[in-house]
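These notes are about the structure you will find just below.
Just so you know, all these numbers are worked out from the coordinates, no wet-lab data involved. Treat the numbers as computed from the prediction; the structure is a model and nothing was measured. Here the Cβ positions follow ideal geometry from the backbone for every residue, glycine too, while neighbour counts run over all protein chains shown.
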Amino acid sequence: MTKVLRSGIEPPKVKLVTEVWGPIKSLMAARRNILEIIPEAATKQPIVSGRTGGVRWHMVMEPKAIGRILNENLDIYPKSDVTKNLLKPAIGDSMFIAEGAHWRWQRRAASPVFTHRNIASLAPIMSAAADATCARINAASDTVDMYEEMVAATFEVISNVTFSGSGAMGSDAVHNAINRYIDQTARVSLFDILGLPGWIPRPSRIFQPNALKQMKRIANDAIEKRKELGAKPVPDLLDLLLEGEDPETKRKMEMAELRDNLLTFIVAGHETTALTLSWALYLCAFDPEVQEKLRTEARSVLQGRVATADDCAALPYTEQVIKEALRLYPPAAFISRTIQADDMLCGRDIKRKDTVMLPIYALHRHHDLWDRPDQFDPERFADGHKPERYSYLPFGDGPRICIGAQFAMIEAKIILATLIARYRFEHIADRDDPKPVMVLTLRPEGGVPLKVTRL
């Protein structure tokens, strides 16, 4: 039987394109919300191609073709110039941006940082952040913007697992600098759409040097201070990065490489998890039946205490809800590549320098890959069900799959289970639903204000 929910049977979604647009209209939509340039056909066809401002582009939704892009033929599909233009000023040639051999050695050097043992040793910080969030909610009114709360919680986690509460980020200076940089630079420029070279200045990115300088200065200071003081008794991410060494070349990261990767982990390590939790809580308010089932599981396992990493294996439904939130609202909802050699995808010729886009948002709502794709249904992931490979990409796939995926899932489970066991989350009458808008990540425009009742 179909459940009748507050907004019908579907949570809010992006209005996709149903007509042919010219470059100016496409640009205006991209500046407002990059997802609004995705054609509705992308949820029903394996590939959609077109041309904008003389640039050939292809949106690919067929899993086997995506596997070719992300795995089999990875080297000819580097990250697009658009992505590099947006992020390189902030995070340099870190793992997220680097290609080829320069990426491979950094990945090898950093991989031990995210072993299960190291994540488990840092998990108490996640539990402490969940408990601190509860204290803030208890002191607030009954209306709470859970997006703001989740940003605060996950930033507390990443700052403490990075700097071990050393005070290096006590002023939230890096957090504020990151937000300013994203606000000022992350919207797509007309020059990006037209594929103009990165050395041509983007007007929206000229007048923001202070945020970058401050961000990098604080990271540099933290690295220098740690080198002087030595590692902590329980190594944090900075200690592990300082110790990291490529097992093949024995190369270690130099100062700029350490800083850029540290900033990458800070940006990716709190924003994406905060968004996942925000959307998950919104969806729990959207579907009280799911919320109650989730609460029953969490209370049975936790018995009134804060969740820990040891509890995660006993929280399968919590994981299902998180996975479904990631399907409907993937933080990295749109990625692109600039192909370096001719290839063929879905039987279509793809030429060198074409832009190849993976609209993850459309992939996760594709009618050939998902039953009732726009509906919220955590049962899709019941009993360990795994979708067809390359049809579900919340963390990417292939050699460049997100290095912190396991860290993010453990953090999300600890925080969500703790909150749902202690509070009821409900929509506020006469308040609009959050609107999914992608700037650099898929954010809930207007936040996620919910009525929160302590149980």
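Annotations for the structure displayed:
- With at most 13 neighbouring Cβ atoms within 10 Å, loop chymotrypsin sites (Phe, Trp or Tyr not before Pro) (DSSP) excluded, longest segment of the chain: 208-455
- Coil-residue trypsin sites (Lys or Arg not before Pro) of segment 247-281, DSSP, other Cβ within 10 Å capped at 16: Lys250, Arg251, Lys252
- Each residue of segment 356-369 was assigned a 3J(HN,Hα) from its phi angle through the Karplus expression (A = 6.51, B = -1.76, C = 1.60, θ = phi - 60°), giving 10, 10, 10, x, 4, 4, 6, 4, 6, 10, 6, 5, 7, 10 Hz with x at Gly and Pro.
- The amide H of Ile350, built 1.01 Å from its N in the peptide plane, has Asp343, Met344, Leu345 as neighbours under 5 Å, considering only residues 5 or more places off or on other chains.
- Normalising the average separation of contacting C-alpha pairs (under 8 angstrom, six or more residues apart) by the number of residues puts the relative contact order of segment 36-112 at 15 percent.
- Dipole-positive endmost among Phe334, Gln406, Met357 within segment 330-455 (Cβ charges, Cα centre): Gln406
- Alpha carbon centroid spacing (whole Å) that separates segment 358-374 from segment 125-153: 32
- HN-Hα J in Hz across segment 416-429 - Karplus 6.51, -1.76, 1.60, θ = phi - 60°, x for Gly and Pro: 5, 4, 4, 5, 5, 6, 10, 9, 9, 10, 9, 5, 9, 4
- Rounded to the nearest 500, the 222 nm mean residue ellipticity of the chain from helices alone is -14500 deg cm²/dmol, with -39,500 (n - 2.57) taken per DSSP H run of at least 4 residues.
- Identified option (computed Cα extents along the principal axes in Å; candidates (i) 63, 59, 40; (ii) 91, 63, 47; (iii) 73, 51, 45): (i)
- Dipole of the chain [Lys/Arg +1, Asp/Glu -1 at C-beta], most positive-end residue of Gly447, Pro247, Gln303: Pro247
- Longest segment of the chain lacking GluC sites (Glu not before Pro) that sit in a DSSP loop with at most 13 other Cβ atoms within 10 Å: 20-247
- The modelled label-to-label distance between His116 and Thr296, using points 7 Å beyond Cα along the C-beta direction, is 2.9 nm.
- Considering only Ser80, Val48, Ile119, the residue lying farthest towards the positive end of the dipole of segment 26-123 is Ile119, judged by Cα position with unit charges set on Cβ.
- Computed from label points 7 Å out along Cα-Cβ, the spacing between Glu248 and Arg352 is 2.5 nm.
- 5 angstrom amide H check on Val437, placed H, neighbours 5+ away: Arg443, Glu445
- For segment 29-116: Kirkwood Rh in Å [reciprocal of mean 1/r, alpha carbons]: 15.6
- All lysines inside 24 Å of Lys386 as judged from Cα atoms, apart from same-chain residues fewer than 8 positions distant: Lys13, Lys44, Lys64, Lys293, Lys323, Lys413
- Among beta bridges from DSSP that stay inside the chain, the antiparallel ones total about 85%.
- Stretched out straight at 0.36 nm per residue, the stretch from Gln340 to Ala139 would grow longer than its current Cα-Cα span by 66.9 nm.
- Distance between modelled label sites at Glu10 and Glu289, nm, 7 Å Cα→Cβ extension: 1.9
- Using C-alpha pairs under 8 Å with a sequence gap of at least 6, the mean separation divided by the residue count of segment 23-454 gives a relative contact order of 28 percent.
- Relative contact order (%) - segment 354-429, alpha-carbon pairs under 8 angstrom, separation at least six: 23
- With θ taken as phi - 60° and the Karplus curve 6.51 cos²θ - 1.76 cosθ + 1.60 applied, the whole-hertz 3J(HN,Hα) list for segment 384-398 is x, 4, 10, x, 3, 4, 6, 9, 9, 10, x, 10, x, 6, x Hz, x standing for glycine and proline.
- Charge dipole of the chain (Cα centre as origin; +1 on each Lys and Arg Cβ, -1 on each Asp and Glu Cβ, all else neutral): 860 debye, rounded to the nearest 20.
- Extended-chain gain in nm, criterion 0.36 nm per residue less alpha-carbon gap, Asn176 and Ala231: 17.1 nm
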